[in-house]
Amino acid sequence: MPDFSKYGIGNIFIYFYELLGWFLKSQLNLPAELAGVIQTLVAIVTLGTFALLIPIFTIWLERKLAARFQDRLGPNRAGPYGLLQSFADVIKLLGKEDITPTGADKWVYNLAPLVGVVSVVTLWAVIPLASTMVGANINVGVLYVVGISGLGTIAIMMGGWSSNNKFALLGAFRTAAQLVAYEVPMIIALMVPVLLAGSMGMQDIVNAQANSTWYILMAPVAALLFFITSVAEIGRAPFDLLEAESEIVAGFHIEYTGMKFGMWMLSEFLHAFTIAALTATLFLGGWHGPLSSEAPILGIVYFLVKTFLAYFVVVWSRSTFPRIRVDHLLSLNWKFFTPLALGALVVTAVAQKLVDTYLPGAGDAMRTVALFSANVLLVWLVFELIRRSARQARAGAEGGYEEQGEAHHEEAGHGGHETQAEHSPAPASAH
Amino acid sequence: MVPLNWYLILAAALFCIGLFGVLARRNAVAILMGIELMMNAVIINLVAFWRYLQPTQITGQVFAVIVFAVAAAEVSVGLALIISIYRRRNSVVAEEMNLMKW
Amino acid sequence: MTVSQILFLVVAAVMLISAVLVVTLRNLIHAALWLIATLFFVAVLYVLLDAGFMAAAQVVLYIGAIAILIIFAMMLTRRVMADETVQINSQWWLGGLVAAAAFVAVAGLLNASAWPGLPAVDDATITNSIKMLGTQLTSPDGFVIPFQIASILLTVALVGAIAVAGEKK
């Protein structure tokens, strides 16, 4: 039997990995290389299965949460508290007729949901679950995450094109435009934890947060920006113009029925949970918590707690904000999020350099305070600029009714959601 | 252990397949796809040379990254031109772009 | 035949088959999808060459941006939804001859010279390669000038593409 005492407490994945390796080498007498390959394959299948089993729970959770936000109960018939609702849905979807529209490109049509699911499940390979449990500890983890998001865009375009349906094609175009546009501030916001940790590897970023403070305190603007642009990347409310049923007739997956539609839904819900996991890893400290280095099982617990917290915020924002119009969507991205992301990156780099030059012996608390105040300065600057432009628009519109409508439109377009509260008391004071 | 000339022959094969695509296709976007294959062959060459000749110096990868940027710039301008041509002439077949032929 | 050689041969074979499909398929959207497959296998080849950053950058830039751009351009420049016209022009045999001749010439030259073997490189160099890449791209006695010129080139290309392809109102 392998010696389990040299691994930490509760290092369950490594226990099973080593047990399988011992079994293959000593009991079945396989050569070491072949045993290694089989071990890796089993590990991949386990991680993939774990990732695919998550939506069963999170779909139920989301339906219950969204229902409570809307002052109703949510599913409570299938099983106790509606826990078996996901199983009932899957059985229903499996029983539906599997239609392929006439003139559709068969191979591409059937492959698109598969690529969509694959693009989300493979994201779980780089997310560190504990101090010793990460699928693949590559040193370009952040860039890998960005690349896989691009693969998801390709899946949507494949689905929209191959359906031989003009609405699906339009929906696919709009979706691809939105996804590609929102990747830009997401990538720039992702550079901020890379800058603070000095490495692109996810495990290195979490270790750096374990040694200093969580990056949400050091770079709150970047954290918020990454969160918002990720919500836009997964096509969720308030950015769900592309697949809302009242809009473009459900967008790119209009022609999909049965289990293929189920796979699109699976990829969307899993993606929501995955970006919550990414936010938790990059900004909330991942698996870090008290005693997490000695007992890796606690690392998994902390990681899941933080991920569910971030996922709760995703569902909360879905139930709270109205849908953004498509032209507001893109102008919000190019005129507000991209300059803000660039500003956050520059401010973080400059503040980091200033702390290194003028406070050479600074501890973590000092550095956190300096970076946090730099971020507060940036936010104040942004608010000032918005306030000034809104004041100009309002001053130019005094006295004209239709111009006043345009100023309100411009205010709503420039503001973005977090400044909406700033504006409602302001008109009272201006008049 | 894979010898270096295997990588170079692979890059040459990819380059020649791209060359065939450029020379033999009618649609301008398909010609651009052939050009993309040729650029990829070039970058494979650069990275293989970096790995086999100077793996401790990062200069080879810097060269490859700059070529990446140039390839991206070139394909975006090329596609913009193709879309502009499509708007005027309603066709992207390369043989029909013959206004300047004698 | 070591494991790495078998792996290389498999990846190379699949990549070349995808590339041939890119340049011969009649359905251009399928050709674009096979281009995505080819670019993905090129990224796998970079992983085999211990260039992790290049592999990730290949997926991000080529598949995530350039391939999507090509698919968009293809969808925007079609006259009918299902386009099954012949996609090979009348001089394809000459093009094939030139390409084959070029390949034979280059492969013959490559096989005629002696090439060095694979130098062993320790893990620290591989893990630090990104740091070294970043330092070289931004240090004044490194390659900051080519890097900045490349970024100016990209900005010029961006502005030029918008100017050329934008709607004239």
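The values are calculated or read from the model by the stated rules, or taken from the named source; none is laboratory data. The structure displayed is predicted, hence computed values, not measured ones. Glycine gets a Cβ as well: all are built from the backbone with ideal geometry, and neighbour counts include every protein chain shown.
Does A:Ala35 qualify as being in contact with a Phe, Trp or Tyr (Cβ under 7 Å, 6 or more places away or on another chain), more than 24 Å from A:Ser319 (Cβ to Cβ) and surrounded by 14 or more Cβ atoms within 10 Å (Cβ to Cβ)? No. Taken over segment A:113-139, the criterion of being under 22 Å from A:Val194 (Cβ atoms), among the hydrophobic types (A, V, I, L, M, F, W, C) and without any contact (Cβ under 8 Å) to a residue 60 or more places away in the chain is satisfied by A:Ala136 alone.
Residue by residue, here is whether (1) under 30 Å from A:His288 (Cβ atoms); (2) in the same structural domain as A:Thr307 (by TED's automatic domain parsing); (3) in a helix (DSSP H, G or I); (4) among the β-branched types (Val, Ile, Thr) holds:
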site: A:Leu73; (1), (2), (3), (4): no, no, no, no
site: A:Ser86; (1), (2), (3), (4): no, no, yes, no
site: A:Val90; (1), (2), (3), (4): no, no, yes, yes
site: A:Ala112; (1), (2), (3), (4): no, yes, yes, no
site: A:Gly116; (1), (2), (3), (4): no, yes, yes, no
site: A:Val120; (1), (2), (3), (4): yes, yes, yes, yes
site: A:Thr132; (1), (2), (3), (4): yes, yes, no, yes
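Yes or no: C:Leu61 of a type outside the set (D, E, K, R) and within 7 Å of another protein chain (Cβ to nearest Cβ)? Yes. When segment A:56-77 is filtered for residues that are under 22 Å from A:Leu270 (Cα atoms) and without any contact (Cβ under 8 Å) to a residue 24 or more places away in the chain, the ones remaining, listed by number, are A:Arg63, A:Lys64, A:Ala67, A:Arg68, A:Gly74, A:Pro75.
The set of residues in segment C:121-151 that are at pLDDT 80 or above, surrounded by fewer than 17 Cβ atoms within 10 Å (Cβ to Cβ) and of a type in the set (A, V, I, L, M) comprises C:Val144, C:Ile145, C:Ile149. Tell me, please, whether a residue that is in a helix (DSSP H, G or I) and within 16 Å of the chain's Cα centre (by Cα) can be found in segment A:296-303. Yes, some residue in segment A:296-303 is in a helix (DSSP H, G or I) and within 16 Å of the chain's Cα centre (by Cα).
Filtered by the rule that a residue be touching a residue at least 60 places away in the same chain (Cβ under 8 Å) and in a loop (DSSP other than H, G, I, E, B), segment C:102-130 gives a lone residue, C:Val121. When we screen A:Leu270, A:Leu304, A:Leu340 for residues that are outside the structural domain of A:Leu190 (by TED's automatic domain parsing) and modelled with pLDDT of 90 or more, the only hit is A:Leu340.
Of all residues in segment C:39-54, one or more are out of contact with any helix residue (DSSP H, G or I) (no Cβ under 7 Å at 6 or more places or on another chain) and at the interface with another protein chain (Cβ under 7 Å from one of its Cβ atoms). What's the number of the only condition in (1) free of Cβ contacts under 8 Å to residues at least 12 places away in the same chain; (2) assigned to a helix (DSSP H, G or I); (3) of a type outside the set (Ser, Thr, Tyr) that C:Leu133 fails to meet? Unmet for C:Leu133, out of (1) free of Cβ contacts under 8 Å to residues at least 12 places away in the same chain; (2) assigned to a helix (DSSP H, G or I); (3) of a type outside the set (Ser, Thr, Tyr): (1). Each residue in segment B:39-67 was checked for being facing chain C (nearest Cβ under 8 Å) and buried (at least 19 other Cβ atoms within 10 Å of the Cβ), and 14 of them qualify. Can you pull out the residues in segment B:1-35 that are more than 7 Å from chain C (Cβ to nearest Cβ) and touching a Phe, Trp or Tyr at 6+ places or on another chain (Cβ under 9 Å)? If the condition is that a residue be more than 7 Å from chain C (Cβ to nearest Cβ) and touching a Phe, Trp or Tyr at 6+ places or on another chain (Cβ under 9 Å), then B:Tyr7, B:Phe15, B:Ala28 are the ones that fit.
Restricting segment A:39-70 to residues that are in a helix (DSSP H, G or I) and polar (S, T, N, Q), the residue that is nearest to A:Ala277 (Cα to Cα) is A:Thr58.
Quick check: is even one residue across segment C:75-92 within 20 Å of the chain's Cα centre (by Cα) and either aromatic (Phe, Trp, Tyr) or more than 14 Å from chain A (Cβ to nearest Cβ) (or both)? No, because not a single residue in segment C:75-92 is within 20 Å of the chain's Cα centre (by Cα) and either aromatic (Phe, Trp, Tyr) or more than 14 Å from chain A (Cβ to nearest Cβ) (or both). Does A:Ala78 meet the test of being among the hydrophobic types (A, V, I, L, M, F, W, C), outside any helix (DSSP H, G or I) and either at pLDDT 85 or above or under 30 Å from A:Phe261 (Cβ atoms) (or both)? It is true that A:Ala78 is among the hydrophobic types (A, V, I, L, M, F, W, C), outside any helix (DSSP H, G or I) and either at pLDDT 85 or above or under 30 Å from A:Phe261 (Cβ atoms) (or both).
One residue stands out among those in segment A:28-57 that are of a type in the set (Gly, Ala, Ser) and more than 22 Å from the chain's Cα centre (by Cα): the one that is farthest from A:Tyr15 (Cα to Cα), which is A:Ala32. I'd like to know if segment A:202-225 contains one or more residues that are of a type outside the set (Ser, Thr, Tyr), outside any helix (DSSP H, G or I) and in the same structural domain as A:Val108 (by TED's automatic domain parsing). Yes, segment A:202-225 has at least one match.
Quick check on A:Val142: is it free of Cβ contacts under 8 Å to residues at least 60 places away in the same chain, assigned to a helix (DSSP H, G or I) and more than 25 Å from A:Ala237 (Cβ to Cβ)? The answer is no for A:Val142.
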